[in-house]
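Take a look at the structure below.
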Amino acid sequence: MTEPPRERIWDLHCHLSGMPGRTPDELMAALVARADRMGIERLIVFMGYPMAMDPSADELRRQNDQVLQALSHWHHRAFGFAYVSPNHVEASLREIDRCIRDGPMVGIKLWVARRCNDPAIDPIIRRAAELRAAIFQHTWIKVGGNHPGESRPEDLVALAARHPTTPLICGHTGGDWERGIRTVRATPNISIDLAGSDPTAGFVEMAVRELGPRRILYGSDVGGRGFASQLAKVRSAAISPADRRAILGDNLRAMLTPILRAKGVPLH
């Protein structure tokens with residue numbers, strides 16, 4: 001009897017904050033221990049602590065140093081994205097070169113400092129794309145109004161139109177996932193991140209129906225959320241086993257394969 005294909009889980013969206021511990025090494029050990037209990041093979045970690053929505057250039061470097069230290073004993077289990085900001089373009093370009101070109105990281109994380117529809121971000125996007133690095137942009141749709149500089153999915157669509165051949169990730173699918181899915185639907189170079197919102201029935205089914213399974217990436221937003229509730233979004237969804245495997249890990253692995261191969265990281 002043929003064994004079913006293995007279900008690989010790669011978590012796109014992990015933070016050190018929210019874990020017990022006092023140092024990057026202790027926080028990372030706690031994160032991996034929890035991932036082990038849930039059968040998660042690989043973790044993507046970004047941003048240090050305390051989180052800063054509009055970090056200075058020095059703060060970007062400090063938080064990236066925390067993640068680099070956290071990864072230092074876990075390269076077989078985790079990858080990192082460099083925290084960058086369009087409010088500090090030159091410093092961000094230096095961080096991309098330091099952490100990705102010359103270091104172990106494989107993507108960038110953009111958070112709340114400036115909306116991503118602003119062309120000031122373009123040099124950062126171009127440099128990350130040159131390195132085949134993943135590009136993750138936080139997005140949210142808040143009923144009471146977003147933070148100054150906080151992007152919505154439509155801002156990412158505007159960015160994608162300026163970089164139509166560059167893959168982009170819509171963090172949280174905008175939180176309001178029904179609107180987020182519809183907003184990015186016609187923009188094929190945008191994939192969505194499932195992380196962070198409540199594990200509401202229908203999210204993943206709608207995403208598969210509207211976007212196709214290859215544009216959907218599982219993430220948890222741990223430690224702001226737990227692995228279990230976020231995995232439940234995918235495991236409880238009425239989708240095919242092949243689509244479930246794609247979302248839980250195969251899509252992210254495929255997205256990162258070019259940069260991992262360039263860095264000589266073995267893929268099993």
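Based on what the data block shows, is G224 assigned to a loop (DSSP other than H, G, I, E, B) and under 20 Å from R77 (Cβ atoms)?
Values: assigned to a loop (DSSP other than H, G, I, E, B): yes; under 20 Å from R77 (Cβ atoms): no.
Spelling it out, it is not the case that G224 is assigned to a loop (DSSP other than H, G, I, E, B) and under 20 Å from R77 (Cβ atoms).
Residue-by-condition table, conditions (1) in contact with a helix residue (DSSP H, G or I) (Cβ under 6 Å, 6 or more places away or on another chain); (2) buried (at least 21 other Cβ atoms within 10 Å of the Cβ):
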site: W177; (1), (2): yes, yes
site: A186; (1), (2): no, no
site: I192; (1), (2): yes, yes
site: P199; (1), (2): yes, no
site: R215; (1), (2): no, yes
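For segment 87-116, give me each residue that is among the small types (G, A, S) and more than 14 Å from S56 (Cβ to Cβ). First the steps, then the outcome.
Here is the first cut: in segment 87-116, the ones among the small types (G, A, S) are 91-92, 103, 107, 113.
Listed by number, the residues that qualify are G103, G107.
Would you check if R127 is under 20 Å from I44 (Cβ atoms), surrounded by 24 or more Cβ atoms within 10 Å (Cβ to Cβ), modelled with pLDDT of 95 or more and among the basic types (K, R)?
On the way: under 20 Å from I44 (Cβ atoms): yes; surrounded by 24 or more Cβ atoms within 10 Å (Cβ to Cβ): no; modelled with pLDDT of 95 or more: yes; among the basic types (K, R): yes.
For R127, the condition - under 20 Å from I44 (Cβ atoms), surrounded by 24 or more Cβ atoms within 10 Å (Cβ to Cβ), modelled with pLDDT of 95 or more and among the basic types (K, R) - is not met.
Scan segment 132-156 for residues that are under 15 Å from L110 (Cα atoms) and not in a strand (DSSP E or B) and jot them down. Explain how you work it out, then say what you get.
Step one: filter segment 132-156 for residues under 15 Å from L110 (Cα atoms), giving 133-140, 147-153, 155-156.
If the condition is that a residue be under 15 Å from L110 (Cα atoms) and not in a strand (DSSP E or B), then A133, T139, W140, H147, P148, G149, E150, S151, R152, P153, D155, L156 are the ones that fit.
What residue, of I247, I259, is buried (at least 19 other Cβ atoms within 10 Å of the Cβ), within 23 Å of M105 (Cα to Cα), in contact with a strand residue (DSSP E or B) (Cβ under 6 Å, 6 or more places away or on another chain) and in contact (Cβ under 8 Å) with a residue 24 or more places away in the chain?
Details: I259 fails: in contact with a strand residue (DSSP E or B) (Cβ under 6 Å, 6 or more places away or on another chain).
Just a single option satisfies the conditions, and that option is I247.
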Select from segment 72-108 the residues that are crowded, with 21+ Cβ neighbours inside 10 Å and of a type in the set (A, V, I, L, M) and write down the one among them that is nearest to E150 (Cα to Cα).
V84
The residue that is nearest to the chain's Cα centre (by Cα), considering only those in segment 102-159 that are of a type in the set (G, A, S) and over 21 Å from G180 (Cα atoms), is G107
Looking at (1) surrounded by fewer than 22 Cβ atoms within 10 Å (Cβ to Cβ); (2) closer than 23 Å to E41 by Cβ; (3) out of contact with any Lys or Arg (no Cβ under 9 Å at 6 or more places or on another chain); (4) small (G, A, S), can you tell me which one S220 breaks?
(1)
May I ask you to verify whether L16 is farther than 22 Å from E95 by Cα, touching a strand residue (DSSP E or B) at 6+ places or on another chain (Cβ under 7 Å) and either modelled with pLDDT of 95 or more or of a type in the set (F, W, Y) (or both)?
no
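The values are calculated or read from the model by the stated rules, or taken from the named source; none is laboratory data. On a predicted model such as this, the values are computed, not experimentally measured, just so you know. Cβ atoms come from the backbone with ideal geometry, glycine included; neighbour counts cover every protein chain shown.
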